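Trainee: Take this structure first; my questions come after.
Every number in this text was worked out from the coordinates using simple rules, so none of it is lab data. All figures in this text were calculated on a predicted structure; none of them were measured in a lab. Positions of Cβ are generated from backbone atoms using ideal geometry, with glycine treated the same way; all protein chains shown enter the neighbour counts.
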């Protein structure tokens, strides 16, 4: 049986809203049974639909990554969220391959034409961002190697047992690549390709710290 999560939401923590949560849960359990899902969790949220930082929604997103969840059951699309928050969260669910079923649609949620168009644009932009990021990594790695960067000579866990243990931020490599003409962004992309999860801002900060320390020692 396919696993599903039941998600209920009301906008406030007033006691009067408790009956709405109970009604949503009861109706969604019935929908789950009708559509042949196994409800593994019932999540209740008491927060505005415009908010992304909702305990229940964050729990839902974590659960989807941890378990083989195939569907999320809701009363209607506004229970996921409103405005930009709704679009962002639906995009997150669809990216994980999760279907959304609603009582309002008596089955799989039907998006409006405008919402569908926005989601298509978001997906397209995200795909191009990913391609651009990968191209930056490749370009930065190529330039670094051309400038003499040889990570296998410096990183013990890259195959050289006599090398040093990789540090979280390789300051001297940053300095050397910077002095060889690479931009901060290219250095960050290059090191990211070699397994260092650091940003352009971190590269810039560490480089400037090194310059300041060197100036102080003169």
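Trainee: How long are the three semi-axes of the equivalent ellipsoid for segment 62-133, computed from the Cα gyration tensor as the root of 5 times each eigenvalue, in whole Å, largest first?
Mentor: Taking √(5λ) for each Cα gyration eigenvalue gives 22, 16, 10 Å.
Trainee: Return a whole-number percent for the relative contact order of the chain, with Cα pairs under 8 Å and 6 or more residues apart as the contact set.
Mentor: Computed value for the chain: 15 percent relative contact order.
Trainee: What 222 nm value per residue comes from the helices of the chain, counting each DSSP H run with n ≥ 4 as -39,500 (n - 2.57) and dividing by all residues, nearest 500 deg cm²/dmol?
Mentor: Helices in the chain give a 222 nm mean residue ellipticity of -17500 deg cm²/dmol.
Trainee: Hey, with R₀ at 35 Å, roughly what FRET efficiency would residue 19 and residue 108 work out to, going by the Cβ-Cβ distance, to 0.05?
Mentor: Computed FRET efficiency for residue 19 and residue 108 comes out at 0.80.
Trainee: Running Debye on segment 20-81 with equal point scatterers at the Cα sites and no solvent, what base-10 log of I(q)/I(0) appears at q = 0.22, 0.23 Å⁻¹?
Mentor: -1.01, -1.09
Trainee: On the principal axes of its Cα set, how long, how wide and how thick is segment 2-111? Give whole Å, largest value first.
Mentor: Cα spread of segment 2-111 along its principal axes, largest to smallest: 34, 27, 26 Å.
Trainee: Now for a different question. So for 94, 37, 101, fewest C-beta neighbours within 10 Å to most, what's the order?
Mentor: 94, 101, 37
Trainee: Quick one: Cα convex hull volume of the chain, Å³ per residue?
Mentor: Convex hull of Cα atoms, per residue: 182 Å³.
Trainee: Now for a different question. Calculated FRET efficiency, residue 125 and residue 185, Cβ-Cβ r, R0 25 Å, to nearest 0.05?
Mentor: 0.85
Trainee: Continuing with this model, one more query. Any chance you could check the Cα centroid distance between segment 62-94 and segment 1-27 for me, in angstrom?
Mentor: 14 Å
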